[in-house]
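Any read-out appearing in this document is the output of simple, stated calculations on the displayed coordinates, not a laboratory observation. Quick caveat, the model's predicted, so the values are computed rather than measured. Glycine gets a Cβ as well: all are built from the backbone with ideal geometry, and neighbour counts include every protein chain shown.
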């Protein structure tokens, strides 16, 4: 019953007997080939082993002249003679052995008669080795021939396999997902509701095409997912594979590329041909920027293989031949590099941005990944979601996993708030490093981080300090976490200037307290310079006016776009440098002023850090007090 039931499910599947016969044939072939080599090598080994053993035995017997053996026979000292080819082994009455050699042409009986010895007076045994010698000689002649034939058979098989692999280059390497595999559904995806809704429509279109066709709607030919790494593009594709009751083919963009020109285009043709045979179906191409990059313009360098592959995709998606009921879903985090012909309607009809999740999205993602993990009752998921601004879905999943690991390492039954805080810090900054630091180094780090915190606390538009620590993580000897209170879509000039001021707070505290500066502020200067440069060059937030001095997008007459550097005069470049320097210098002066005025509070925060090494928001506020001059609308900007 089981066999008939399985054959009904899959009529094309071979029966168990056929599979068994195939395995037997493969076993016999492998058995014969392997056995030949094994027998040959074992036979040669045994032959040479016994030959060497025989030689060792012969070398162990004392050798005597033939005349001495004849004399001992006459004196009745030898009771038995054994003849092996030209060797004569004498067995003495005292159980000793001796060996002598005769000429090949001389017979032992004739030698005894010539020596006036009756052959019947002694026990003589003659061993004939001509047969075994002939067999050994035969093997010595046949074995090299057999080995040579086996070697050529091996070479021909390798050449045949290589030939078959050459012809298989053009076959698609896409993986087909079956319904029986464990599947991800749209219920397992959160934080990207707009993208999920778009893909749900595509799946519904393939499941119920008549509902849309009666209104004149056609199937979307392509959907491209664009967004930063870790935001859920591949997870959405897995959800589509789990939800769709149609064949789903998945392949990475790099799998089209080979060393042979034209192979990528052949694989594209084979992939679409397979998908059309199984239509309605879905093709998912991950990291499509590997083959979909903008084609060369003018004297720009090109890659013939990638361009041929891209051209074939363009033709297959919207060429002369109709391509219905096959939807292509692609994902990339470099959407700016894709060719404009690939992105036009008719090929990728829908461009979906998969960005970092907002507050509600982070709550939903955390809820999904928190399933199956025990947490203490004091865990506030709203606070966790607010604390993780800027985290991607992958970051949140990794955070909860690290929290579980941290709790298990400390032998706790449930995950606590401290475990989640430690995990969130580890995801962004790395694990703690117990570096040996002198008291002076610790004090320098404490005042540096306290300077950042004090300046941020007394800035009217800055976000509140979340955590301060002088515990080393990654490349930093300490850190001050100031996450945004709310997700911001825009940055104002005031916010950016205050951010630069906060970055200057560490160096300002060092100079104010120690009358000395250290190398610890190098990363602060790097970030501050980047912000100031963006304000001057890109955002038009300086006295130079609302002008973009950076690279701009240029459109050619063929619709091709690429970045081109603006021609900025040397005089203007000097003004840009002066403006960047002016902004940073003014903000540094502001930071020094705040640190100098709040020196007593700065000392208290630094002393607390020297004692406890870390301060959370509540502990910090107990030292410095509530925020003065706080703009009530600071969270809006």
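Give me the extension gain from residue 123 to residue 106: residue separation times 0.36 nm, minus the current Cα-Cα distance, reported in nm with one decimal. Can you show the working numbers first?
Values: separation 17, 0.36 × 17 = 6.12 nm, distance 1.86 nm.
Fully extending the segment from residue 123 to residue 106 adds 4.3 nm.
Per 0.36 nm of contour for each residue apart, how much would the distance between residue 333 and residue 377 grow if the chain were fully extended, relative to their Cα-Cα spacing?
Fully extending the segment from residue 333 to residue 377 adds 12.0 nm.
Let's test the formula: R0 of 25 Å, r as the Cβ-Cβ distance of residue 622 and residue 530. What FRET efficiency results, to the nearest 0.05?
Computed FRET efficiency for residue 622 and residue 530 comes out at 0.15.
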In nm, spacing of pseudo-spin labels at residue 519 and residue 186 (7 Å Cα→C-beta vector):
5.5 nm
If packing is taken as the average number of other Cβ atoms within 10 Å across a peptide's residues, how do 331-337, 518-524 rank, most packed first?
331-337, 518-524
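Would you please classify the overall shape of the range 61-127 from the alpha carbon gyration tensor, given that a ≥ b ≥ c denote the square roots of the eigenvalues, rounded means a/c under 1.5, and beyond that prolate means a/b larger than b/c while oblate covers the rest?
Details: a/c = 1.43, a/b = 1.10, b/c = 1.31.
Judged from the Cα gyration tensor, the range 61-127 comes out rounded (a/c under 1.5).
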Can you pull the one-decimal nm distance between simple spin-label points at residue 568 and residue 229, each 7 Å off the Cα toward Cβ?
2.9 nm
What order, most packed first, do the peptides 603-609, 525-531, 579-585 have when packing is the mean number of other Cβ atoms within 10 Å of each residue?
603-609, 579-585, 525-531
For the range 432-636, take the convex hull of the Cα atoms, compute a quarter of its surface area, and give me that in nm², please.
14.4 nm²
Separation in nanometres of the label points that stand 7 Å from Cα toward Cβ, at residue 200 and residue 150:
6.6 nm
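Taking the highest mean first, how do the peptides 208-215, 400-407 order by number of other beta carbon atoms within 10 angstrom per residue? Let's see the in-between values first.
Values: 208-215: 10.5, 400-407: 20.1.
Sorting 208-215, 400-407 by mean packing, highest first, produces 400-407, 208-215.
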How much length would be gained if the chain were fully extended between residue 84 and residue 599, taking 0.36 nm per residue of separation minus their Cα-Cα distance, in nm to one decimal?
174.4 nm
